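Trainee: Before I ask anything, let me first share the structure, which is written out below as structure tokens.
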Amino acid sequence: MRAILTGAATGIGAATAAKLKLRGYEVVALDIAEPAGVDQWVQVDMSDVASIDAAVAQLNGGFDCLINNAGLPPRPDLQQKILAVNFIGMVHLTNAVLPSLNAGAAIVNTASRAGVAWRENIEQVKALFDVHDETALKQFIVDQNVDDIRAYNLSKEAVIAWGVAQTERLIALDLRMNSVSPAAVSTGILQDFAAAFGDKMARNVERVGRPGTAEEVADVIVYLCSAESHWLKGNDFTVDGGMSALAQAEQFAL
């Protein structure tokens, strides 16, 4: 079994790589930094489509899964790069490697609980679907008045919605795509989320007792890559220790 994994150097990606190796996968990592414990590292800047194309050209043979995990957190004045890496680069890479995926292969995208409002924001999400280059992205950010926090939330809304939209296309290719939506995971970028979402995140963590771990999210990703999950297609799986359930219980007075 062979896997392509982006963002493998740290956090959820590093935990996913380790778990894949334990299950006998050959792991080919695409990352801007060199990860440990993988079979091959291909350096790539996921904000640059030319870099993505050059990385794909170095891939050989067929793969049984593609895990789109690379992403940036909300940080001030980084909105263009957040959208470029978290969504536009992810889409470009996925389309570029489709011919290298074996029949029955799985694609798993790391989204976020921050993308939960994709239905409410669907027109803006669909407008982002039509952005494919740096010039158009710059104009989109100006026209839509997107700051760094909105860029992050929008990027993850788009990841979830795009996965839904690809379902029929991928079924015809004997492929499948799902996403995972973590919340408040204890990794090196947790403080970025604390700074961006403040008291709301702190309250959610307090209510469920602790942040999640990278390994807990990786367990779900690895399962979605496995043959046992073959009938799961076009779904988003929230991995948040109950945060979403608590919010829904409040919303509907359950």
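The values are calculated or read from the model by the stated rules, or taken from the named source; none is laboratory data. Everything numeric here is computed off the predicted structure, so don't read it as measured data. Every residue, glycine among them, receives a Cβ derived from its backbone with ideal geometry; neighbour counts consider all protein chains shown. To get the accessible areas, we keep the full protein, side chains included, count just its heavy atoms, and leave off ligands, DNA and RNA. Shrake-Rupley method; radii C 1.70, N 1.55, O 1.52, S 1.80 Å.
Trainee: So, in the stretch 3-19, exactly how many residues are surrounded by fewer than 22 Cβ atoms within 10 Å (Cβ to Cβ) and under 24 Å from ALA57 (Cβ atoms)?
Mentor: Residues meeting the conditions: 1.
Trainee: I need the full set of residues from the stretch 20-37 which are out of contact with any Asp or Glu (no Cβ under 9 Å at 6 or more places or on another chain), open to solvent by 20 Å² or more (accessible area, probe 1.4 Å) and in a loop (DSSP other than H, G, I, E, B), in order please.
Mentor: Scanning the stretch 20-37 gives ARG23, GLY24, ALA33, GLU34, ALA36, GLY37.
Trainee: For residues that are in contact with a helix residue (DSSP H, G or I) (Cβ under 7 Å, 6 or more places away or on another chain) and of a type outside the set (Ser, Thr, Tyr), scanning just the stretch 101-115, find the one that is surrounded by the fewest Cβ atoms within 10 Å (Cβ to Cβ). Walk me through how you get there before you give the answer.
Mentor: Within the stretch 101-115, the first condition is being in contact with a helix residue (DSSP H, G or I) (Cβ under 7 Å, 6 or more places away or on another chain), and the residues that meet it are 106-115.
Okay, now just the ones that are also of a type outside the set (Ser, Thr, Tyr), so 106-109, 111, 113-115.
Numbers: ALA106: 26, ILE107: 23, VAL108: 27, ASN109: 29, ALA111: 30, ARG113: 20, ALA114: 22, GLY115: 24.
Going through the qualifying residues, I end up with ARG113.
Trainee: Then there is this: Only one of these conditions is not met by VAL131: (1) over 23 Å from ALA172 (Cα atoms); (2) of a type in the set (A, V, I, L, M, F, W, C); (3) in a helix (DSSP H, G or I); (4) touching a residue at least 40 places away in the same chain (Cβ under 8 Å). Which number is it?
Mentor: Tallying (1) over 23 Å from ALA172 (Cα atoms); (2) of a type in the set (A, V, I, L, M, F, W, C); (3) in a helix (DSSP H, G or I); (4) touching a residue at least 40 places away in the same chain (Cβ under 8 Å), VAL131 fails exactly one: (3).
Trainee: May I pose another question? What pairs can you find where one residue is in the stretch 37-62 and within 20 Å of ALA9 (Cα to Cα) and at pLDDT 95 or above, the other is open to solvent by less than 60 Å² (accessible area, probe 1.4 Å) and of a type in the set (S, T, N, Q), and their Cβ atoms are less than 8 Å apart, with a gap of 6+ or different chains?
Mentor: The qualifying pairs are VAL44/THR6; VAL44/SER51; ASP45/SER51; MET46/THR6; VAL56/SER100; LEU59/SER100.
Trainee: Regarding the stretch 236-248, can at least one residue be identified that is hydroxyl-bearing (Ser, Thr, Tyr), part of a loop (DSSP other than H, G, I, E, B) and touching a helix residue (DSSP H, G or I) at 6+ places or on another chain (Cβ under 6 Å)?
Mentor: For the stretch 236-248, residues hydroxyl-bearing (Ser, Thr, Tyr), part of a loop (DSSP other than H, G, I, E, B) and touching a helix residue (DSSP H, G or I) at 6+ places or on another chain (Cβ under 6 Å): absent.
Trainee: So, one more: Among the residues of the stretch 144-201, which ones are open to solvent by 30 Å² or more (accessible area, probe 1.4 Å), assigned to a loop (DSSP other than H, G, I, E, B) and of a type in the set (S, T, N, Q)?
Mentor: Hits for the stretch 144-201 are ASN145, SER186, THR187.
Trainee: On to the next question. Pull out all pairs, ordered by first then second residue, where Cβ-Cβ is under 6 Å, the residues are six or more apart or on different chains, the first lies in the stretch 76-91 and is β-branched (Val, Ile, Thr), and the second is open to solvent by less than 10 Å² (accessible area, probe 1.4 Å).
Mentor: Pairs that qualify, where the first residue is β-branched (Val, Ile, Thr) and the partner is open to solvent by less than 10 Å² (accessible area, probe 1.4 Å), are ILE82/ALA151; ILE82/SER155.
Trainee: Does any residue of the stretch 10-19 turn out to be outside any helix (DSSP H, G or I) and either in contact with a Leu (Cβ under 9 Å, 6 or more places away or on another chain) or on the phi > 0 side of the Ramachandran plot (or both)?
Mentor: no
Trainee: Just the residues that are within 15 Å of the chain's Cα centre (by Cα) and under 24 Å from THR10 (Cβ atoms), please, taken from the stretch 220-239.
Mentor: Within the stretch 220-239, VAL220, ILE221, VAL222, LEU224, CYS225, ASP236, PHE237, THR238, VAL239 meet the criteria.
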